[in-house]
């Protein structure tokens, strides 16, 4: 288990990968982001993207899943605090395989036995293009005395 | 249909509301954010929150759903560009009813018949406490000539 004092700028992880299917794009879109280019293949064809693309929220969800399984689950995570910035760099089309990476950029000591970790996360597609970028803040517990 | 030239700083919407259930928290968590305090009631009790809370990604998804149904679906939306900032202000526990609001803070003309709208969105709970805050950028088409 990694506590706040075990984290440092430069600590980095290669996360796993996840393939976004057509069915998954439509199902996620119907539930949480019902815009035509996420849920309706016909209407999506005449959109800017020329076809179905995943919701940005869905892409963020894929990143979070990879980050939990590949890094956070070994941390004494208390809570996510927020996002400093998030960028959708390239559309995520059906069949895209996203591979994650994750690096700590800053650790700030906080009171009450906690530290604040700032992390930069990315997703790249199977062509090695940058698809998604996020800078997040996470509260992590210090080692119990 | 609202095009980029129909948007202006101060344009605001009261969005609908959405109740986050225990089952929804666990299901979303299992799929996208499998940390103990999102998926396991037993382990959540001994966490910082003292019980199950919704993933921040889930809270963002609720906001997006309300924003699409209450505003974006009447806009000539091209694509979400990203998030400038997102803050989780208060934990979302089972049974919380979230009500959304949404205001345009800035509109920048862009080339190729587009405009960039900056919006500030919030979710408040049934106690009128601020739970979630986001500043996002969305590309919107100009009216066809």
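Of these, A:12, A:55, A:99, which one is under 13 Å from the mean Cα position of the chain (by Cα) and in contact (Cβ under 8 Å) with a residue 60 or more places away in the chain?
Values: A:12 fails: under 13 Å from the mean Cα position of the chain (by Cα); A:55 fails: in contact (Cβ under 8 Å) with a residue 60 or more places away in the chain.
Within the list A:12, A:55, A:99, the selection yields A:99.
Is there a residue being touching a helix residue (DSSP H, G or I) at 6+ places or on another chain (Cβ under 9 Å) and farther than 25 Å from residue A:131 by Cβ anywhere in the stretch B:57-72?
No, because not a single residue in the stretch B:57-72 is touching a helix residue (DSSP H, G or I) at 6+ places or on another chain (Cβ under 9 Å) and farther than 25 Å from residue A:131 by Cβ.
Say we look at the stretch B:56-67 and pick out the residues that are closer than 27 Å to residue A:50 by Cβ and touching a strand residue (DSSP E or B) at 6+ places or on another chain (Cβ under 8 Å); which of these is surrounded by the fewest Cβ atoms within 10 Å (Cβ to Cβ)?
First, the residues of the stretch B:56-67 that are closer than 27 Å to residue A:50 by Cβ: B:60-61, B:64-65, B:67.
Of the ones still in play, those that are also touching a strand residue (DSSP E or B) at 6+ places or on another chain (Cβ under 8 Å) are B:60, B:65, B:67.
Details: B:60: 27, B:65: 22, B:67: 24.
The selected residue is B:65.
For the list (1) in contact with a helix residue (DSSP H, G or I) (Cβ under 8 Å, 6 or more places away or on another chain); (2) over 15 Å from residue B:79 (Cβ atoms); (3) surrounded by fewer than 21 Cβ atoms within 10 Å (Cβ to Cβ); (4) within 7 Å of another protein chain (Cβ to nearest Cβ), I need the number of the one condition that residue A:32 fails.
Going through (1) in contact with a helix residue (DSSP H, G or I) (Cβ under 8 Å, 6 or more places away or on another chain); (2) over 15 Å from residue B:79 (Cβ atoms); (3) surrounded by fewer than 21 Cβ atoms within 10 Å (Cβ to Cβ); (4) within 7 Å of another protein chain (Cβ to nearest Cβ) one by one, residue A:32 breaks only (3).
So residue A:111 fits all but one of (1) out of contact with any strand residue (DSSP E or B) (no Cβ under 9 Å at 6 or more places or on another chain); (2) surrounded by 20 or more Cβ atoms within 10 Å (Cβ to Cβ); what number is the exception?
Tallying (1) out of contact with any strand residue (DSSP E or B) (no Cβ under 9 Å at 6 or more places or on another chain); (2) surrounded by 20 or more Cβ atoms within 10 Å (Cβ to Cβ), residue A:111 fails exactly one: (2).
Picking from B:70, B:121, which residue would you name as being within 13 Å of another protein chain (Cβ to nearest Cβ) and either crowded, with 22+ Cβ neighbours inside 10 Å or over 12 Å from the mean Cα position of the chain (by Cα) (or both)?
Working: B:70 fails: either crowded, with 22+ Cβ neighbours inside 10 Å or over 12 Å from the mean Cα position of the chain (by Cα) (or both).
None of the other options fit; the residue is B:121.
Inside the stretch B:35-52, can you point out the residues that are touching a residue at least 24 places away in the same chain (Cβ under 8 Å) and at the interface with another protein chain (Cβ under 9 Å from one of its Cβ atoms)? Steps first, answer last, please.
Step one: list which residues in the stretch B:35-52 are touching a residue at least 24 places away in the same chain (Cβ under 8 Å), which gives B:49, B:51-52.
Correct list: B:49 only.
Within the stretch B:75-95, is there a residue that is outside any loop (DSSP other than H, G, I, E, B), more than 9 Å from chain A (Cβ to nearest Cβ) and surrounded by fewer than 19 Cβ atoms within 10 Å (Cβ to Cβ)? Steps first, answer last, please.
Our first condition is that a residue be outside any loop (DSSP other than H, G, I, E, B); within the stretch B:75-95, this holds for B:75, B:77-88.
Then keep just the ones that are more than 9 Å from chain A (Cβ to nearest Cβ); that gives B:75.
Going one step further and asking which of them are surrounded by fewer than 19 Cβ atoms within 10 Å (Cβ to Cβ), we end up with none.
No: zero hits.
When the stretch A:123-145 is examined, which residues are found to be part of a strand (DSSP E or B) and closer than 12 Å to residue A:90 by Cα?
Of all residues in the stretch A:123-145, those part of a strand (DSSP E or B) come to A:123-124, A:130-141.
Those that are part of a strand (DSSP E or B) and closer than 12 Å to residue A:90 by Cα: A:123, A:124, A:130, A:131, A:132, A:133.
Of the numbered conditions (1) closer than 25 Å to residue B:137 by Cα; (2) modelled with pLDDT under 95, residue A:87 satisfies every one except a single condition; which is it?
(2)
The values are calculated or read from the model by the stated rules, or taken from the named source; none is laboratory data. All values reported here derive from a predicted model rather than from experimental measurement. Counting neighbours? That spans all protein chains shown, and the Cβs are built from the backbone with ideal geometry, glycine included.
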